[in-house]
Amino acid sequence: MARFENKKMKRFFDPLTGADTYEMERGSVEYDLSGLRFLHTGVDTIRQLYNCTLKSEVLQQIASHYDTKTTDVIEIAGIEWKLSSSGKKSGYQYILKNLDIGMVVLLKSFYKEADQQGPHMKIEVTPQLIDELGLEQLTNRLREIGRTFGDTLEASGMAVHLCVDMKGLVLPEDFESMLATRSKRNLKVNAISNAHFEVAEASFVYGRGQTYLFGNSSSLQMCLYNKSEEAVKSDKLDFCESQWRATPSLDDPFTPEYKDGRDGGEVDTVHRLEFRVHHSVLKEFENGNYNRSAKYNEKGEMIEPGKLICIREPRDLKPHLQALWDYCLNNFRLHHSSTYIHPIWQKLMEDVSWFNVHPTFIYARDQKKSAGVAGRRNVAMWLGNHLRLAARKGFTTKHVVQHLLSSGLESDLADYFGLLYYGHSSELFLCLTDFVDKRLRDHRLNGVAA
């Protein structure tokens, strides 16, 4: 595979006319992107995670209401919710949906008792609510809803989708092969249109290049698709067009850049580039970053990476959006050749701005592994043997996790997973539960448990 560099082409841009051309060193014009216009930049989706203890009266009301099955609508704290049960794969027992207020609440972890502090709540927010409230007010609204279901509420992380909508996008024919990405693609299947996938990482092309999907849903994903068609199918065209019409035309600032066909002309086709950032990725950014302007505390002592970064709620996102966007563009990078970045990606890097924020943070992901290699090796061997035996015995994830946490080796486990173990923090429980669940499943599927 060719080794890609990150060289940009020479750009000639006229802000008055929108003329935008790119050429390489030899001076010949390679690309004309004058017709590529950005219509909307924003946060499309937020999934907020909370640790809490569930209110017994609310949980009892939900359980009683669900068991009677007289109706699937329940009223809690003056708000009506459509109630349903959730599969164990989601990790939550109940789903409460009210898209009128723009929220879906996943409640009651399968792996923790309701009266114990744990990961009992995830709240998914619609794009409409994010657009209406903004990140600051949305944080307050999420806390307000969260407190109706639980006590001792603690924001433990979130997942976020960043998107840019554009018109006039024409992808090169070799788009997929020239996209430099870490996603593994070992097998090609033509049942969809094109698909390359491995167990955990995948690359899909749906319907004649209408949708491209690269990456791992449990880490970082890139999706590029026809938003005009998707908005019609999901019945969100009015909302999307209201966002697109907010961008003024270069020719006339009093008319929108987006043409919706109301004047009898042709309707613009809009594509969306979307990066889906899992909460574990944001956690790794927390672990691996520090403020360049504050490396030392007031005593002159070096501040460890992760001490000054916190991205747990929507309001925490704002100073980091630009850097997250740049990181995603670099993680999935479109090239013209092994030397030059493709001008489409260059334009995305240079023209897309998030709140005009230019932070002084050094951004790197880190799982906070300890320097004690020998100690971690012993823990790894112990865990591996323990989980193989547990799989053969048919033990559940909950049983194994409780046994490991009662072994007296909590601090060693925390060190192995790169966590700061203190007080009643639930990070170790969450990390260990996810790890054990995956390993037990792998052992069963690989026949180790037979």
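The values are calculated or read from the model by the stated rules, or taken from the named source; none is laboratory data. Here the structure is a predicted model, which means the values were calculated and not measured. Neighbour counts are summed over all protein chains in view; Cβ atoms, including those assigned to glycine, are modelled from backbone coordinates with ideal geometry. In case anyone asks, the SASA skips ligands and DNA or RNA and just uses the protein heavy atoms, side chains included. Shrake-Rupley method; radii C 1.70, N 1.55, O 1.52, S 1.80 Å.
Which of the residues belonging to the stretch 107-116 are over 17 Å from residue 145 (Cβ atoms) and in contact with a helix residue (DSSP H, G or I) (Cβ under 9 Å, 6 or more places away or on another chain)?
If the condition is that a residue be over 17 Å from residue 145 (Cβ atoms) and in contact with a helix residue (DSSP H, G or I) (Cβ under 9 Å, 6 or more places away or on another chain), then 109, 110, 111, 112, 114, 115 are the ones that fit.
Please give the number of the condition residue 92 fails out of (1) open to solvent by 30 Å² or more (accessible area, probe 1.4 Å); (2) touching a strand residue (DSSP E or B) at 6+ places or on another chain (Cβ under 8 Å).
(1)
Within the stretch 238-252, track down each residue that is of a type outside the set (Asp, Glu) and crowded, with 16+ Cβ neighbours inside 10 Å.
Listed by number, the residues that qualify are 240, 243, 244, 245, 247.
Against the condition within 30 Å of residue 241 (Cα to Cα), acidic (Asp, Glu), open to solvent by less than 70 Å² (accessible area, probe 1.4 Å) and in contact (Cβ under 8 Å) with a residue 24 or more places away in the chain, how does residue 14 come out, does it pass?
For residue 14, the condition - within 30 Å of residue 241 (Cα to Cα), acidic (Asp, Glu), open to solvent by less than 70 Å² (accessible area, probe 1.4 Å) and in contact (Cβ under 8 Å) with a residue 24 or more places away in the chain - is not met.
Give the residues of the stretch 95-120 that are charged (D, E, K, R), surrounded by 20 or more Cβ atoms within 10 Å (Cβ to Cβ) and not in a loop (DSSP other than H, G, I, E, B), sorted by residue number.
Correct list: 108 only.
Does residue 94 satisfy the condition of being more than 26 Å from residue 42 (Cα to Cα) and in contact with a Lys or Arg (Cβ under 6 Å, 6 or more places away or on another chain)?
Against the criterion (more than 26 Å from residue 42 (Cα to Cα) and in contact with a Lys or Arg (Cβ under 6 Å, 6 or more places away or on another chain)), residue 94 qualifies.
Quick one: which of 30, 57, 80 is farther than 29 Å from residue 311 by Cα, open to solvent by 40 Å² or more (accessible area, probe 1.4 Å), part of a strand (DSSP E or B) and modelled with pLDDT of 90 or more?
Going through 30, 57, 80 in turn, just one is farther than 29 Å from residue 311 by Cα, open to solvent by 40 Å² or more (accessible area, probe 1.4 Å), part of a strand (DSSP E or B) and modelled with pLDDT of 90 or more: 80.
Can you name the number of the only condition in (1) assigned to a strand (DSSP E or B); (2) at pLDDT below 95 that residue 165 fails?
Failed condition: (2).
I'd like to check something: does the stretch 312-333 contain any residue that is on the phi < 0 side of the Ramachandran plot, modelled with pLDDT of 60 or more, charged (D, E, K, R) and assigned to a loop (DSSP other than H, G, I, E, B)?
So far as the stretch 312-333 goes, yes, one or more of its residues are on the phi < 0 side of the Ramachandran plot, modelled with pLDDT of 60 or more, charged (D, E, K, R) and assigned to a loop (DSSP other than H, G, I, E, B).
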